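Trainee: Below is one structure. I have some questions about it.
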Number of protein chains: 2
Amino acid sequence: MRLSTRAQYAVRAMVDLSLHSEGRPVSLREIAQREDIPLNYLEQLFNRLRRGNIVESVRGPGGGYLLARESAAILVGEIVATVEEPLTPVSCMDKGKGRCTRTAACTTHTVWEMLGERIRNFLDSITLEDLVSEARRRIAGAEQ
Amino acid sequence: MRLSTRAQYAVRAMVDLSLHSEGRPVSLREIAQREDIPLNYLEQLFNRLRRGNIVESVRGPGGGYLLARESAAILVGEIVATVEEPLTPVSCMDKGKGRCTRTAACTTHTVWEMLGERIRNFLDSITLEDLVSEARRRIAGAEQ
DNA sequence: GTATAGTTGACAAAAATTGTATGGTATGTT
DNA sequence: AACATACCATACAATTTTTGTCAACTATAC
Ligand code: FES
Ligand code: FES
């Protein structure tokens, strides 16, 4: 039940982006440095985030990424789901895939289904803005 | 965010065991056949389950495994945690491990911590007995 | 004593994740 | 136009984790 580093990286990077953007595009190079994430790997993640309509890109010098919407309208669950395709606990829910073999009438299926729902609901209950304002509080607290 | 097959196998096997035991030990060979799980793999899982005090073993011919307690006192969360060591979403919670590098003040840590809590709470809210009686209902329904 | 069935540890195969490399395209600046 | 920046895309390599297998051993019922 581990989250991939993809998901961890993506959320951290999105917080970083929000904190440092202020309307201007932020380059991945900056984010990669600040958050200590391999640049090329981050590029892959942001490709997905762009296709997922979570960020917009600006090419050329001075370019970078911008939030596609206000941070209060971006859910952590979206970010995670976008970079970590299946947010379901078991593969039989993947569509196309069959049920698990034999099975004790597969009573367990329901459990995993509900578990997935709980996970998604929780992650969708937190917005990027929640994390950003929390981060700002911490920074303010550390300064004084 | 995938559950290992270890966890899926273990829960299914435990349901199977409960359904077929009725006080008598059930051999892994039976379970492996009914649930289509590699026998040797299942042995490893039941070793962990035994050490986790979830089942008891009876050696020799006619032997097998028994529930260590009544099924109503066995939580699905226990079974999963026993075979799938870390039920935490990120490794920085593993004790001994450091925090994630750099980090946007690691606001995200709290999110993963809460997520882990939710997952554990949910899985601990379901007992093996819940699954077994659900399975019995299905079997009865299928028969008529 | 023999067959059954759990116990254990080492190891191999396979899959998934994580990270790297390379070559592109768009665009602002000089 | 040339050049530098920074996104875009794909392929591939390294690593780690998961999954499965093998072999040897111990206890016990018959
Ligand atoms: S069919 Fe989904 S877990 Fe068995
Ligand atoms: S320290 Fe735990 S996620 Fe960053």
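Trainee: Label points 7 Å out from Cα along the Cβ direction at residue A:137 and residue B:22: separation in nm?
Mentor: So the label points at residue A:137 and residue B:22 sit 5.8 nm apart.
Trainee: Further, regarding this structure: Classify the protein assembly as shown from the C-alpha gyration tensor, please: rounded if a/c falls under 1.5, else prolate or oblate depending on whether a/b exceeds b/c.
Mentor: Numbers: a/c = 2.81, a/b = 2.36, b/c = 1.19.
Prolate, since a/c reaches 1.5 and a/b exceeds b/c.
Trainee: With r as the distance between the Cβ atoms of residue B:39 and residue A:33 and R0 = 35 Å, compute the FRET efficiency 1/(1 + (r/R0)^6) and round to 0.05. Provide the component values of the computation, followed by the final result.
Mentor: Working: r = 51 Å, r/R0 = 1.47.
Efficiency computed from Cβ-Cβ geometry: 0.10.
Trainee: Is there a simple number for the mean count of other chain Cβ atoms within 10 Å of the Cβ of residues in B:1-14, and what is it?
Mentor: Working: counts 18, 10, 10, 4, 3, 0, 5, 10, 2, 1, 5, 9, 1, 2.
Neighbouring Cβ atoms belonging to other protein chains average 6 per residue here.
Trainee: Using a simple charge model, +1 on the beta-carbon of Lys and Arg, -1 on the beta-carbon of Asp and Glu, nothing else, what dipole does segment A:5-143 show about its Cα centre, in debye to the nearest 20?
Mentor: Values: 19 positive and 19 negative charges, 92 e Å.
So the magnitude is around 440 debye.
Trainee: On to the next question. Which residue, chosen from A:86, A:121, A:64, occupies the Cα position most advanced towards the positive end of the dipole of segment A:5-143, where the dipole is computed from +1 (Lys, Arg) and -1 (Asp, Glu) charges on Cβ about the Cα centre?
Mentor: A:86
Trainee: Could I ask something else about it? Could you give the angle, 0 to 90 degrees to the nearest 10, between helix B:128-143's Cα long axis and the longest principal axis of the Cα atoms of chain B?
Mentor: 50
Trainee: Starting from a label point 7 Å past Cα on the Cβ side, list the distances from residue B:66 to the same position in the other copies, nm, shortest first.
Mentor: 7.1
Trainee: What order do you get for A:51-57, A:21-27 when each peptide is scored by the mean count of other beta carbon atoms within 10 Å, highest first?
Mentor: Working: A:51-57: 16.0, A:21-27: 13.6.
Per-residue mean Cβ counts within 10 Å order the peptides as A:51-57, A:21-27.
A short reminder: the numbers here are calculations on the coordinates, not readings from a lab. Nothing here was measured: the structure is a model prediction, and the numbers come from that model. No Cβ is skipped: glycine too gets one built from the backbone with ideal geometry, and neighbour counts run over all protein chains shown.
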